[in-house]
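Accompanying notes for the structure given below.
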Amino acid sequence: MKRSLTILAGSAICLASAFAAAPALAYDGTNCKAPGNCWEPKPGYPEKVEGSEYDPKHDPMELNKQAESIRAMDERNAMRVKHFKETGDFVFDVSKIKEGGSTAQ
């Protein structure tokens, strides 16, 4: 009985040490320039992306959509704040705020 416990304990220690050493022995296939700087392009990836098949070719109008929506949001918020300061009544729907005056319809 004592012999089988010794063998079992020895096996457990060997197995635990093998699992602990496994990450240190793993090869991930990268060549790191510095610790933590291990990015490298796949074979065939161009040095210059612009003009290649990987160039996203962003449309300036598509990129400008978010700026336009933020500008419109700021205008709506300014209308809400102006109406609230003048009347003390907060109206979320800006279509209910008259343009000229600040009274709700």
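The values are calculated or read from the model by the stated rules, or taken from the named source; none is laboratory data. Not measured: the values here are computed from a predicted model. With ideal geometry, Cβ positions are generated from the backbone for all residues, glycine too; neighbour counts draw on all protein chains shown.
Miscellaneous remarks
- Taking (1) exposed (fewer than 10 other Cβ atoms within 10 Å of the Cβ); (2) at pLDDT 80 or above; (3) aliphatic (A, V, I, L, M) in turn, residue 20 satisfies each apart from (2).
- Residue match in the stretch 43-54 (condition: assigned to a loop (DSSP other than H, G, I, E, B), over 30 Å from residue 31 (Cβ atoms) and of a type in the set (Asp, Glu)): no
- When the test is whether a residue is polar (S, T, N, Q) and modelled with pLDDT of 95 or more, residue 77 passes it.
Okay, residues lined up against (1) at pLDDT 85 or above; (2) out of contact with any strand residue (DSSP E or B) (no Cβ under 7 Å at 6 or more places or on another chain); (3) surrounded by 10 or more Cβ atoms within 10 Å (Cβ to Cβ):
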| position | (1), (2), (3) |
| --- | --- |
| 39 | no, yes, no |
| 54 | no, yes, yes |
| 87 | yes, yes, yes |
| 94 | yes, yes, yes |
| 102 | no, yes, yes |
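- Pairs where the first residue, in the stretch 51-77, is without any contact (Cβ under 8 Å) to a residue 12 or more places away in the chain and the second is assigned to a loop (DSSP other than H, G, I, E, B) and not acidic (Asp, Glu), C-beta under 8 Å, 6+ apart: 52/46; 54/45; 54/46; 55/49
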